[in-house]
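K.L.:
After the C-alpha cells below, expect a handful of questions from me.
The values are calculated or read from the model by the stated rules, or taken from the named source; none is laboratory data. Here the structure is a predicted model, which is why all the values come from computation and not from measurement. Cβ placement follows ideal geometry from the backbone for every residue including glycine, while neighbour counts extend to all protein chains displayed. With ligands, DNA and RNA removed, areas are computed over all heavy atoms of the protein, side chains included. Shrake-Rupley method; radii C 1.70, N 1.55, O 1.52, S 1.80 Å.
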Amino acid sequence: FASRIYEMVCGPDFCITNVVAKWPGSVHDSRIFKESVLCREFENGHIQGMLLGDSGYSLKTYLMTPYLNPTEAHMQRYNTAHCRTRVLIEQTFGVLKRRFSCLHSELRLSPQRACVAVVACCVLHNIGINRGDIISNSDDNDLNVAEDVDGVVDMGGNGKTVRDHIARNYF
C-alpha cells in the first residue's frame, strides 16, 4: 500500500464496509476519519452502530477506543475484548493482500490510479466474500451493544460515558 494511507472498516465477516483511499502517507488516521463521509454520517445520526478504533482516535459515542490506563478489572476485560475484536481489520488486510499480490508492495501507478486500484481490490474482495469463496460467514451471533447504549447517548452521554457503560455492563 506504500506511500498512501488507506482507512478501512470491516464487519465480522471480513467484508469491507468502508474504504477511504485518497490521503498521502503522512496524514494521521484520526484526521482521515474526521474528514470522512463515514464520520459525518455518524455525527449526523444517519448511521446507527459502533466502530472500534485504536487509541489514536478520539473517543466518541459511536467510536470506542481502549482505556489508556485501565484501573479496574472490567476496564481491562473491555480492553482485551476490544483488542480481540479490532484484530479483525488486521486480518482483513491480510486476506486482502493474499488475494491481491499487487498490494504486497508499492503499486507502480500514479497516486490517483493506485487509490482506484486499492478500492477495486476491496470491491472484488467483497464479491468473493459474498460468494463464499474463502470465508464462511454463517455465524451471525452479533451482540447488539449499540442498541443498548442508545439510552445512554439519549441522556446526553459522551464517548467516555458510553464506553464506561459498556465496560461495566458487558465486561
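K.L.:
Could you pull out the residue among Arg131, Arg113 that is modelled with pLDDT of 80 or more, charged (D, E, K, R) and either surrounded by 10 or more Cβ atoms within 10 Å (Cβ to Cβ) or under 19 Å from the mean Cα position of the chain (by Cα) (or both)? So that I can check it myself, show each step before the final result.
P.N.:
Details: Arg131 fails: either surrounded by 10 or more Cβ atoms within 10 Å (Cβ to Cβ) or under 19 Å from the mean Cα position of the chain (by Cα) (or both).
Only one candidate passes the filter, namely Arg113.
K.L.:
Now, a different point. Any residue in the stretch 73-99 that's surrounded by 12 or more Cβ atoms within 10 Å (Cβ to Cβ) and among the β-branched types (Val, Ile, Thr): show its pairings with residues that are modelled with pLDDT of 85 or more and in a helix (DSSP H, G or I) at Cβ separation under 6 Å, as long as the two are six or more apart or on different chains.
P.N.:
Close Cβ pairs (under 6 Å, with a partner that is modelled with pLDDT of 85 or more and in a helix (DSSP H, G or I)) do not exist here.
K.L.:
Right, next: Would it be correct to say that Leu124 is at pLDDT 90 or above, more than 14 Å from the chain's Cα centre (by Cα) and either within 17 Å of Met8 (Cα to Cα) or open to solvent by less than 40 Å² (accessible area, probe 1.4 Å) (or both)?
P.N.:
On the way: at pLDDT 90 or above: yes; more than 14 Å from the chain's Cα centre (by Cα): yes; either within 17 Å of Met8 (Cα to Cα) or open to solvent by less than 40 Å² (accessible area, probe 1.4 Å) (or both): yes.
For Leu124, the condition - at pLDDT 90 or above, more than 14 Å from the chain's Cα centre (by Cα) and either within 17 Å of Met8 (Cα to Cα) or open to solvent by less than 40 Å² (accessible area, probe 1.4 Å) (or both) - is met.
K.L.:
Considering every residue within the stretch 62-84, establish whether at least one is at pLDDT 90 or above and among the charged types (D, E, K, R).
P.N.:
Among the residues of the stretch 62-84, at least one is at pLDDT 90 or above and among the charged types (D, E, K, R), which makes the answer yes.
K.L.:
State all residues of the stretch 1-49 that are in a loop (DSSP other than H, G, I, E, B), open to solvent by less than 60 Å² (accessible area, probe 1.4 Å) and either more than 22 Å from Ser105 (Cα to Cα) or at pLDDT 85 or above (or both); if no residue qualifies, say none.
P.N.:
Applying the first criterion (in a loop (DSSP other than H, G, I, E, B)) to the stretch 1-49 yields 1-3, 11-15, 25-28, 35-36, 44-49.
Subsequent filtering for residues that are open to solvent by less than 60 Å² (accessible area, probe 1.4 Å) retains 1-2, 11, 13-15, 25, 27, 36, 45, 47, 49.
Of everything in the stretch 1-49, those that are in a loop (DSSP other than H, G, I, E, B), open to solvent by less than 60 Å² (accessible area, probe 1.4 Å) and either more than 22 Å from Ser105 (Cα to Cα) or at pLDDT 85 or above (or both) turn out to be Gly11, Asp13, Phe14, Cys15, Ser36, Gly45, Ile47, Gly49.
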